[in-house]
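Take a look at the structure below.
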Amino acid sequence: MAERVAERVARLMAEHPDIMVRFTSAVTADSYLFSMSRSIPVIFMNPVHEPLVESLRAAQQNRDNAATA
């Protein structure tokens with residue numbers, strides 16, 4: 001189930017590059033919570049997904065750097 005969360009989070013992060021990510025153990029590893037509070041996208045997820053978020057952000061940064069080079 002965590003793989004499905006990873007796929008959806010990757011899609012959300014691609015659709016909302018400015019997304020805020022909050023890690024909390026109150027959310028199980030097989031779920032997440034997405035909110036658009038005050039037009040600011042926020043996703044709450046289990047800390048087990050922190051490496052995924054870091055790698056997705058690094059990949060986006062690399063793409064941004066390549067586009068400006």
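Taking the stated definitions as given, is R57 within 13 Å of the chain's Cα centre (by Cα) and assigned to a helix (DSSP H, G or I)? Write out each step before concluding.
Details: within 13 Å of the chain's Cα centre (by Cα): yes; assigned to a helix (DSSP H, G or I): yes.
So R57 passes the test.
Can you say whether F23 is modelled with pLDDT of 95 or more, aromatic (F, W, Y) and in contact with a Pro (Cβ under 7 Å, 6 or more places away or on another chain), as far as the supplied structure shows? Working first, answer last.
Working: modelled with pLDDT of 95 or more: yes; aromatic (F, W, Y): yes; in contact with a Pro (Cβ under 7 Å, 6 or more places away or on another chain): yes.
Here the answer is yes, as F23 does meet what is asked.
Could we say that V5 is surrounded by 15 or more Cβ atoms within 10 Å (Cβ to Cβ), on the phi < 0 side of the Ramachandran plot, out of contact with any helix residue (DSSP H, G or I) (no Cβ under 6 Å at 6 or more places or on another chain) and at pLDDT below 90 here?
Working: surrounded by 15 or more Cβ atoms within 10 Å (Cβ to Cβ): yes; on the phi < 0 side of the Ramachandran plot: yes; out of contact with any helix residue (DSSP H, G or I) (no Cβ under 6 Å at 6 or more places or on another chain): yes; at pLDDT below 90: yes.
Spelling it out, V5 is indeed surrounded by 15 or more Cβ atoms within 10 Å (Cβ to Cβ), on the phi < 0 side of the Ramachandran plot, out of contact with any helix residue (DSSP H, G or I) (no Cβ under 6 Å at 6 or more places or on another chain) and at pLDDT below 90.
Could you count how many residues in region 1-13 are within 11 Å of the chain's Cα centre (by Cα) and touching a residue at least 12 places away in the same chain (Cβ under 8 Å)?
Filtering region 1-13 for residues within 11 Å of the chain's Cα centre (by Cα) gives 5-13.
Now narrow it down to the ones that are touching a residue at least 12 places away in the same chain (Cβ under 8 Å): 5-6, 8-10, 12-13.
Counting residues in region 1-13 that are within 11 Å of the chain's Cα centre (by Cα) and touching a residue at least 12 places away in the same chain (Cβ under 8 Å) gives 7.
Taking A66 and the conditions (1) touching a residue at least 12 places away in the same chain (Cβ under 8 Å); (2) over 20 Å from V5 (Cα atoms), which numbered condition does it fall short on, given that it satisfies the others?
If we test A66 against (1) touching a residue at least 12 places away in the same chain (Cβ under 8 Å); (2) over 20 Å from V5 (Cα atoms), just (1) comes out false.
Select from region 15-44 the residues that are in contact (Cβ under 8 Å) with a residue 24 or more places away in the chain and either among the polar types (S, T, N, Q) or part of a helix (DSSP H, G or I) (or both) and list them in ascending order. So that I can check it myself, show each step before the final result.
We begin by selecting, within region 15-44, every residue in contact (Cβ under 8 Å) with a residue 24 or more places away in the chain; these are 16-17, 19, 21, 23, 29-32, 41, 43.
Result: S31, single match.
Take region 26-69 and flag every residue that is surrounded by fewer than 11 Cβ atoms within 10 Å (Cβ to Cβ) and at pLDDT 90 or above.
A26, M36, P51, A58
The values are calculated or read from the model by the stated rules, or taken from the named source; none is laboratory data. Computed from a predicted structure; not experimentally measured. Backbone-built Cβ (ideal geometry, glycine too); neighbour counts: all protein chains shown.
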